[in-house]
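The values are calculated or read from the model by the stated rules, or taken from the named source; none is laboratory data. All figures in this text were calculated on a predicted structure; none of them were measured in a lab. All Cβ positions, even for glycine, are placed from backbone atoms using ideal geometry, and neighbour counts span all protein chains on display. Surface areas here come from the heavy atoms of the whole protein model, side chains and all, with no ligands, DNA or RNA. Shrake-Rupley method; radii C 1.70, N 1.55, O 1.52, S 1.80 Å.
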Amino acid sequence: MGRRPVTVRLARWSAEHPWRAIALWAVFVAVCFVGGNAAGLTEATNADQATGEFGRAELIVDSGGFHEPAMENVLITPRSGMLDQAAAKAAAGDAAARLRQVDGVASVGTPLPSRDGGALLLPITMSGDPKTASDRVQPLRDATAQVQEAHPALRIEEVGGPSINKALDDTLGKDFQRAELLSLPVTLAILIIAFGALIAAGVPVLLALSSVAAAMGLSTLASHLVPANDTTASVILLIGMAVGVDYSLFYVRREREERAKGRSGLDAVEIAAETSGHAVVVSGTAVIISMAGLLLAQDAIFSSLAVGSILVVAVAVLGSLTVLPALLAKLGRWVDRPRVPLLWRLTAPRTGRHGQRPRFWPAVLKPALRAPRTTLIVSVGLLLALAAPALSMKLNFPGMEDVPRSTPAMQAYDRLTAAFPSNGTSHTVAVRAPAAQADRVHAALTDLAGRAAADPLFAPAEGDGPKIEVSADRRVSVLEVATPYASRTDEASRSLHELREDLVPATLRGIPGVEYAVGGGVAANEDYAQHIREKLPVVAAFVLALTFLVMAWTFRSVVIALTSILLNLLSAGAAYGLLVLVFQNDWAEGLLGFTSMGAIVTWLPLFLFVVLFGLSMDYHVFVVSRIREGVRDGLPNRDAVAYGITSSAGVVTSAAIVMVGVFSIFATLSTIDMKQLGIGLAAAILLDATIIRAVVLPSLMTLLGDANWWAPRFLRRRAATPPAPAPELVGAH
């Protein structure tokens with residue numbers, strides 16, 4: 001008898017020494033979490049996130065060492081009709097007097113009338129660190145509210161970056177708290193339904209949460225090598241709960257199944273380790289490979305997400321191979337207690353080969369097994385039709401126009417940009433040149449502002465004309481050029497290209513040693529979309545190639561590896577097409593509570609591809625592993641396919657329902673990017689766990705027959721024949 005796989009040896013040691021394994025896991029999690037918090041988090045800077053010309057503009061501005069204080073405004077508008085100028089000036093004077101007394105206000109500017117005389121704007125400069133301004137803006141808002149009470153005939157409201165951020169933090173923070181609070185009970189409820197027993201349902205949740213805690217600490221340590229961003233923790237939670245629950249679910253269900261056949265607790269753990277444990281390792285490797293592909297995007301945000309995801313998946317795999325067998329061995333048959341009476345009868349493992357056979361999944365499989373060619377053509381045709389809209393996918397960043405208008409701060413922002421267009425969308429012209437050329441640069445930027453003011457694509461500067469900021473060393477100059485159009489409009493895009501291709505080069509060309517770039521929100525949108533278009537093929541090729549190699553090596557079959565890749569591509573393509581159908585159009589706005597931005601969020605296709613490719617492999621590896629068990633037991637190909645699908649149906653369906661439930665919660669959030677992420681992930685997992693697994697996969701493998709397991713000679717030579725599963729596995733379902 002050959003040397004047993006490492007998954008079995010680990011499980012055997014943990015099962016024989018459960019308290020040691022549990023204690024070591026607890027120490028590992030505690031050390032990771034506490035050590036990470038002690039080391040502190042290193043966040044990505046502008047230099048880390050610089051992309052394209054927008055990134056170059058950011059770096060030029062940063063090199064100037066400008067002090068950019070946080071700015072707020074008091075906007076005074078009429079409730080109806082024309083603005084009473086005298087009343088407005090009196091209200092502005094009252095606001096200025098009150099705000100000068102507020103702690104955190106550095107200065108109050110001169111009231112500025114709009115060009116049409118319909119509004120009055122009072123600028124306010126805040127003191128302190130601009131990064132914490134939103135945490136300190138409430139006293140200013142309170143003072144403005146008092147001015148409103150004293151002048152009820154006018155509409156007086158505070159608007160600016162800090163107050164908008166404060167309002168969004170309050171709204172979106174509640175959204176995320178609700179999502180996080182809902183995800184745990186939803187997961188637990190689904191697992192209780194899947195297992196019919198409370199302890200069995202709690203074990204996967206416990207492993208997932210401990211894996212997330214350990215990965216959080218490890219990612220904090222890793223941030224000193226790969227700087228983190230503020231979304232990394234959320235992604236670790238999302239991915240960690242998904243894979244942690246999945247891996248435990250696969251393992252626990254197999255262990256319970258073996259015990260139901262009369263095996264001892266130790267033997268049941270060993271078989272679960274050899275089968276489900278092996279599938280977990282392969283699945284985890286596939287997810288890690290997918291996430292590692294994000295590193296090739298050469299993007300600070302994606303690199304941080306990749307590191308966090310890789311760590312949480314690796315920890316979840318480690319936990320399922322070590323502490324999970326220890327828990328199962330220690331709990332023994334207590335894992336099936338306390339039972340939920342009705343659910344237990346529905347979900348209890350079948351006992352023996354002559355137990356009652358399930359009816360639902362054999363009925364679902366009939367078309368694929370009896371008419372595989374027709375079933376394959378129809379199902380693949382439907383999925384390709386669903387994927388077709390992805391060819392017209394447009395990419396855009398969400399802008400201020402996509403933020404929910406339910407908050408007074410955003411309603412005030414709309415009135416501000418309508419009365420003072422230069423406070424809306426703007427382009428940043430950043431220039432770096434020798435200090436001796438500062439006067440020429442200033443003259444050129446003044447000329448540039450004048451040319452832009454005469455062009456309807458740009459908004460003229462408010463007040464005394466263009467404001468050109470110059471660094472203390474006179475080497476860096478910055479000019480903001482506003483456009484009256486929203487950031488995603490064709491006009492805003494044309495204004496950017498006119499600056500980059502015509503106005504800026506024409507005015508700055510000829511200045512010795514000059515370096516310039518045009519940044520701003522519109523530039524960030526276009527440059528990042530181009531970055532994603534360039535990197536997506538590179539990342540996809542890396543993920544596909546390495547996943548192919550892993551699957552070929554694992555199953556010793558080139559055909560299985562190739563079909564795995566194709567089916568996952570089909571699933572991802574269908575998810576892309578569904579996203580375009582839902583979010584690039586407006587028919588689903590009322591149903592899902594969003595306003596269409598006419599595009600998909602720029603970063604989503606790349607991130608969605610690697611996440612879906614990794615998570616889909618969980619199910620695929622588990623199902624194909626069970627089919628291969630049937631083949632090695634001597635079942636004909638058609639029977640082996642039926643056995644693999646039906647024997648894995650319960651656990652894969654439960655795992656998919658958990659993922660769909662958690663991801664769907666994200667679709668209830670207010671922001672359009674989270675809605676798209678939640679719908680995209682939930683839809684893809686649902687398609688993968690139903691149409692792909694129950695229709696396309698069985699029809700394809702039935703049609704291919706013995707060709708499923710074809711491999712070149714060197715792979716066949718390395719294929720070891722593992723100990724066959726127990727005879728009662730054959731026909732048990």
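Among SER309, SER276, which is the only one that is crowded, with 22+ Cβ neighbours inside 10 Å and more than 30 Å from SER223 (Cβ to Cβ)? It would help to see each step written out before you state the result.
On the way: SER309 fails: more than 30 Å from SER223 (Cβ to Cβ).
Criteria check complete, one pass: SER276.
Does ALA682 meet the test of being part of a helix (DSSP H, G or I), of a type in the set (Gly, Ala, Ser) and at pLDDT 85 or above? Lay out the reasoning, then the answer.
Details: part of a helix (DSSP H, G or I): yes; of a type in the set (Gly, Ala, Ser): yes; at pLDDT 85 or above: yes.
It is true that ALA682 is part of a helix (DSSP H, G or I), of a type in the set (Gly, Ala, Ser) and at pLDDT 85 or above.
Name the helices (runs of 4 or more DSSP H) wholly inside region 547-650 in which the number of residues that are hydrophobic (A, V, I, L, M, F, W, C) and closer than 25 Å to LEU369 by Cα is 3 or more. Even if it seems obvious, please write down each step before you answer.
On the way: elements: 558-583, 589-592, 604-632.
Qualifying helices (runs of 4 or more DSSP H): 558-583, 604-632.
Among the numbered criteria (1) open to solvent by less than 40 Å² (accessible area, probe 1.4 Å); (2) more than 20 Å from the chain's Cα centre (by Cα), which single criterion is violated by GLY590?
(1)
Under 6 Å between Cβ atoms, at least 6 apart or on separate chains: pull out the pairs that start in region 9-33 with a residue that is farther than 22 Å from LEU218 by Cα and end on any residue that is open to solvent by 70 Å² or more (accessible area, probe 1.4 Å) and in a helix (DSSP H, G or I).
Partner pairs satisfying both residue conditions: PRO18/LYS330.
Between a residue in region 596-616 that is over 20 Å from VAL538 (Cα atoms) and any residue that is surrounded by fewer than 21 Cβ atoms within 10 Å (Cβ to Cβ) and among the basic types (Lys, Arg), which pairs come within a Cβ distance under 6 Å, given they are 6 or more apart or on different chains?
Taking only residues 6 or more apart or on different chains, the pairs are ALA599/LYS394.
Which numbered condition trips up TYR516, out of (1) under 36 Å from the mean Cα position of the chain (by Cα); (2) not in a strand (DSSP E or B)?
(2)
Out of ALA435, ALA412, report the one residue that is modelled with pLDDT of 85 or more, open to solvent by 40 Å² or more (accessible area, probe 1.4 Å) and out of contact with any Cys (no Cβ under 8 Å at 6 or more places or on another chain). Can you show your working first?
Details: ALA412 fails: open to solvent by 40 Å² or more (accessible area, probe 1.4 Å).
Answer to the check: ALA435.
Do we have ILE22 as under 40 Å from the mean Cα position of the chain (by Cα), closer than 30 Å to PRO325 by Cβ and part of a helix (DSSP H, G or I) here? Can you show your working first?
Details: under 40 Å from the mean Cα position of the chain (by Cα): yes; closer than 30 Å to PRO325 by Cβ: yes; part of a helix (DSSP H, G or I): yes.
Yes: the conditions hold for ILE22.
I need a count of the residues in region 703-721 that are part of a helix (DSSP H, G or I) and either at pLDDT below 90 or open to solvent by 20 Å² or more (accessible area, probe 1.4 Å) (or both).
Initial filter on region 703-721 (part of a helix (DSSP H, G or I)): 703-709, 713-718.
From what's left, either at pLDDT below 90 or open to solvent by 20 Å² or more (accessible area, probe 1.4 Å) (or both): 703-704, 706-707, 709, 713-718.
Within region 703-721, residues that are part of a helix (DSSP H, G or I) and either at pLDDT below 90 or open to solvent by 20 Å² or more (accessible area, probe 1.4 Å) (or both) number 11.
Contact list please: Cβ distance under 7 Å, first residue in region 568-594 and of a type in the set (Asp, Glu), second residue surrounded by fewer than 23 Cβ atoms within 10 Å (Cβ to Cβ), pairs at least six apart or on different chains.
Listed pairs, sorted by first residue: ASP586/SER596; GLU589/THR595; GLU589/SER596.
Please determine whether any residue of region 210-223 is modelled with pLDDT under 85, open to solvent by 10 Å² or more (accessible area, probe 1.4 Å) and more than 30 Å from PRO78 (Cβ to Cβ). Don't jump to the end; show me each part of the working.
Kept after step one, since they are modelled with pLDDT under 85, are these residues of region 210-223: none.
Checking region 210-223: not a single residue is modelled with pLDDT under 85, open to solvent by 10 Å² or more (accessible area, probe 1.4 Å) and more than 30 Å from PRO78 (Cβ to Cβ).
Does LEU266 satisfy being crowded, with 24+ Cβ neighbours inside 10 Å and under 30 Å from PHE555 (Cα atoms)? Outline the logic, then answer.
Working: crowded, with 24+ Cβ neighbours inside 10 Å: no; under 30 Å from PHE555 (Cα atoms): yes.
For LEU266, the condition - crowded, with 24+ Cβ neighbours inside 10 Å and under 30 Å from PHE555 (Cα atoms) - is not met.
Counting only residues that are at pLDDT below 90 and among the small types (Gly, Ala, Ser), which one in region 476-491 is most open to solvent (accessible area, probe 1.4 Å)?
Ranking the qualifying residues of region 476-491, first place goes to ALA486.
Within region 76-107, which residues are open to solvent by less than 20 Å² (accessible area, probe 1.4 Å) and not in a loop (DSSP other than H, G, I, E, B)?
Within region 76-107, ILE76, THR77, ALA88, ALA91, ALA92, ALA95, ALA96, LEU99 qualify.
With a cut-off of at least 1 residues that are of a type in the set (D, E, K, R), at pLDDT 85 or above and out of contact with any Pro (no Cβ under 6 Å at 6 or more places or on another chain), name the helices (runs of 4 or more DSSP H) lying wholly within region 326-403. Explain how you work it out, then say what you get.
Details: elements: 341-347, 360-370, 372-387.
Here the list reads 360-370, 372-387.
Looking only at residues in region 492-544 that are in contact (Cβ under 8 Å) with a residue 60 or more places away in the chain and among the polar types (S, T, N, Q), which one is most open to solvent (accessible area, probe 1.4 Å)?
Going through the qualifying residues, I end up with GLN530.
Hey, can you tell me all the residues within region 274-320 that are modelled with pLDDT under 90, over 23 Å from SER564 (Cβ atoms) and not polar (S, T, N, Q)?
ALA297, ASP299, ALA300, ILE301, PHE302, LEU305
Do we have VAL159 as in contact (Cβ under 8 Å) with a residue 12 or more places away in the chain, open to solvent by less than 50 Å² (accessible area, probe 1.4 Å) and either in a strand (DSSP E or B) or among the hydroxyl-bearing types (Ser, Thr, Tyr) (or both) here? Quick ask: steps written out before the conclusion?
Details: in contact (Cβ under 8 Å) with a residue 12 or more places away in the chain: yes; open to solvent by less than 50 Å² (accessible area, probe 1.4 Å): yes; either in a strand (DSSP E or B) or among the hydroxyl-bearing types (Ser, Thr, Tyr) (or both): yes.
Yes.
Taking region 108-144 as the region of interest, how many residues are within 39 Å of the chain's Cα centre (by Cα), assigned to a loop (DSSP other than H, G, I, E, B) and on the phi < 0 side of the Ramachandran plot?
The qualifying residues number 4.
Residue by residue through region 629-647, note down the ones that are under 14 Å from TRP361 (Cα atoms) and open to solvent by 40 Å² or more (accessible area, probe 1.4 Å).
ASP639
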